[in-house]
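The values are calculated or read from the model by the stated rules, or taken from the named source; none is laboratory data. Quick caveat, the model's predicted, so the values are computed rather than measured. Glycine also receives a Cβ, built like all others from the backbone with ideal geometry; neighbour counts cover every protein chain displayed.
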Amino acid sequence: MSENQKPAPTILLTGASGVVGQAVLARMTEHTVVCLTHNTPVPGHRTVRVRGDLTRPFFGLDRSSYQELADRIDVVVHCAAVTGFSIDAEQTHELNVRGTENVLAFARQAQAPLQHVSTAFVARRDLAVAGYGSARPEVYLDSKRVAEQAVLASGVPVNIVRPSVVIGNSVTGRISQFQGLHTIAGALLKNTLPMLPLEPASRIDFVPQDLVADVIAHLVRTGTTGGEYWVTGGRAAPTAGRIVELGLALGRSLGLSPDTPRFVSHDMVDRLIRPVFIDALPRAQRRRFDDMLAMTALFNAVEPFPSTYGHVPGVTPFSAQNLEDAFTASMRHYAQAKRLVRPSEVAA
Ligand SMILES: NC(=O)c1ccc[n+]([C@@H]2O[C@H](COP(=O)([O-])OP(=O)(O)OC[C@H]3O[C@@H](n4cnc5c(N)ncnc54)[C@H](OP(=O)(O)O)[C@@H]3O)[C@@H](O)[C@H]2O)c1
């Protein structure tokens, strides 16, 4: 580092063991990153870890450790959240809202700007259903909306980053935990998806994890705040019809024999199919079915999300082709990880 070059800011990263947190951590090589860990250890020899619980005042740390942490942090990147649709409302609110308020209090104490990770699905205010069985996306989305309000009202310098569904690395497809989209497209590869409750023209909006990490890294580097960034495919997001074509093409190239699922309307599933079959299904299958319905209900819109990540300096928006390639890479990785095919066939 030259004499007049400022050292890279030290970052407090919450949710570092999660999908987005791991991608951010991997991207922040030039920074000292202090990971606020909870239950799951965060791998990496150069990682500094502080164990804490965001739902507790001062993260559950004693006052002097909390102050020491605040003294050394320049920027906070907040990724921790309850992301499952089947977690009860109180627990979801506790981390997503109360936890965010505690992160804001910390940022204030540290006089540090905050990069707050929300979700593009806060825009889906027109969901026809509140949920299926225990899968209640509205609980999650409400908590994220309330957290955004707390962030915007806080007076802390912030950016709000709103990704759509996060999939694996754009080239390798690797991801720390498979997401609902992987499960649905995986069912297509396994030929266990006879129907898909979506309009073929619905937008399946996803972004590779490295793109989300790139956006956050650039926001940290430039030090700008006051922005709201929709990290989404937007108009470049493929339709459900195209996703099925890509899944079928990948499956066949891997020597699998996926059949084309039948597109059915969500309404038909809600009124006619689910009520007849749901009680007869074993518990685990019922849950999987309801998760799939909750996920597809979120996708069931033709209107694209706003997309503004192209306005982040140094981050080039993905084209439709880039997104399709990233989806195929993700599902190729899924097929390998789930041993649907021999590794040699996946590499081909
Ligand atoms: N994944 C997506 O597709 C997606 C899409 C759009 C937006 N987002 C947003 O991106 C952010 C990150 O999501 P993600 O998918 O990376 O989440 P994730 O994989 O479910 O990880 C959640 C993280 O939160 C931590 N955590 C849970 N309870 C905590 C507590 N009480 N105190 C401190 N940390 C706690 C977890 O640590 P432990 O495991 O140790 O508990 C874990 O590191 C969230 O704000 C989410 O809403 C995600």
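Output the number of the condition that His218 fails; it satisfies all remaining conditions of (1) under 22 Å from the mean Cα position of the chain (by Cα); (2) assigned to a loop (DSSP other than H, G, I, E, B); (3) more than 16 Å from the ligand (Cβ to nearest atom).
The number of the failed condition is (2).
Mind checking which residues of the stretch 76-92 are free of Cβ contacts under 8 Å to residues at least 60 places away in the same chain and either within 20 Å of Val20 (Cβ to Cβ) or within 9 Å of the ligand (Cβ to nearest atom) (or both)?
Restricting attention to the stretch 76-92, the residues satisfying the condition of being free of Cβ contacts under 8 Å to residues at least 60 places away in the same chain are 84, 87-92.
Correct list: Gly84, Ile87, Gln91, Thr92.
Enumerate the pairs (first residue in the stretch 165-181 and over 20 Å from Leu141 (Cα atoms) and free of Cβ contacts under 8 Å to residues at least 24 places away in the same chain; second residue anywhere and in a loop (DSSP other than H, G, I, E, B) and more than 10 Å from the ligand (Cβ to nearest atom)) with beta-carbon separation below 6 Å, excluding pairs fewer than 6 apart on the same chain, so at least 6 apart or on different chains.
Taking only residues 6 or more apart or on different chains, not a single pair turns up.
Of the numbered conditions (1) within 16 Å of the ligand (Cβ to nearest atom); (2) under 25 Å from Val215 (Cα atoms); (3) small (Gly, Ala, Ser), Gly52 satisfies every one except a single condition; which is it?
Looking at each condition in turn, Gly52 falls short on (2).
Is it the case that the stretch 258-267 has a residue that's more than 26 Å from the chain's Cα centre (by Cα), modelled with pLDDT under 90, assigned to a helix (DSSP H, G or I) and not small (Gly, Ala, Ser)?
Yes, because at least one residue in the stretch 258-267 is more than 26 Å from the chain's Cα centre (by Cα), modelled with pLDDT under 90, assigned to a helix (DSSP H, G or I) and not small (Gly, Ala, Ser).
Please state which one of Leu189, Leu193 is hydrophobic (A, V, I, L, M, F, W, C), modelled with pLDDT under 95 and buried (at least 16 other Cβ atoms within 10 Å of the Cβ). Give the steps one after another, and end with the answer.
Working: Leu189 fails: modelled with pLDDT under 95.
Step by step, each of Leu189, Leu193 is checked, and only Leu193 is hydrophobic (A, V, I, L, M, F, W, C), modelled with pLDDT under 95 and buried (at least 16 other Cβ atoms within 10 Å of the Cβ).
Identify all residues within the stretch 154-174 that are closer than 21 Å to Phe299 by Cα and among the hydrophobic types (A, V, I, L, M, F, W, C); write none if there are none.
Selection gives Val161, Val165, Val166, Ile167.
Of the numbered conditions (1) of a type in the set (Val, Ile, Thr); (2) at pLDDT 95 or above; (3) assigned to a loop (DSSP other than H, G, I, E, B), Thr328 satisfies every one except a single condition; which is it?
(3)
What pairs come out if I take residues in the stretch 201-222 that are more than 17 Å from Asp325 (Cβ to Cβ) and pair them with residues that are charged (D, E, K, R) whose C-beta lies under 6 Å away, six or more apart or interchain?
Cβ pairs passing all conditions: Ala213/Arg27; Ala217/Arg27.
Count, please, the residues in the stretch 160-198 that happen to be closer than 19 Å to Thr232 by Cβ and touching a strand residue (DSSP E or B) at 6+ places or on another chain (Cβ under 9 Å).
Total satisfying the criteria: 18.
Could you run through the stretch 131-155 and say how many residues are buried (at least 18 other Cβ atoms within 10 Å of the Cβ) and part of a loop (DSSP other than H, G, I, E, B)?
3
Just wondering, is there one or more residues in the stretch 112-124 that are farther than 20 Å from Trp230 by Cα and at pLDDT 95 or above? Don't jump to the end; show me each part of the working.
Restricting attention to the stretch 112-124, the residues satisfying the condition of being farther than 20 Å from Trp230 by Cα are 112.
Restricting the remaining residues to those that are at pLDDT 95 or above gives 112.
Checked the stretch 112-124: at least one residue is farther than 20 Å from Trp230 by Cα and at pLDDT 95 or above.
Mind counting the residues in the stretch 173-186 that are more than 11 Å from the ligand (Cβ to nearest atom) and surrounded by fewer than 21 Cβ atoms within 10 Å (Cβ to Cβ)? Can you show your working first?
So the first thing to find is which residues in the stretch 173-186 are more than 11 Å from the ligand (Cβ to nearest atom), and the list is 173-174, 183-186.
Still in the list and also surrounded by fewer than 21 Cβ atoms within 10 Å (Cβ to Cβ): 174, 183, 186.
Here the count works out to 3.
Looking at Arg125, is it within 12 Å of the ligand (Cβ to nearest atom), over 16 Å from the mean Cα position of the chain (by Cα), over 30 Å from Pro282 (Cβ atoms) and among the charged types (D, E, K, R)? Break it down into steps so the answer makes sense when it comes.
Numbers: within 12 Å of the ligand (Cβ to nearest atom): no; over 16 Å from the mean Cα position of the chain (by Cα): yes; over 30 Å from Pro282 (Cβ atoms): yes; among the charged types (D, E, K, R): yes.
For Arg125, the condition - within 12 Å of the ligand (Cβ to nearest atom), over 16 Å from the mean Cα position of the chain (by Cα), over 30 Å from Pro282 (Cβ atoms) and among the charged types (D, E, K, R) - is not met.
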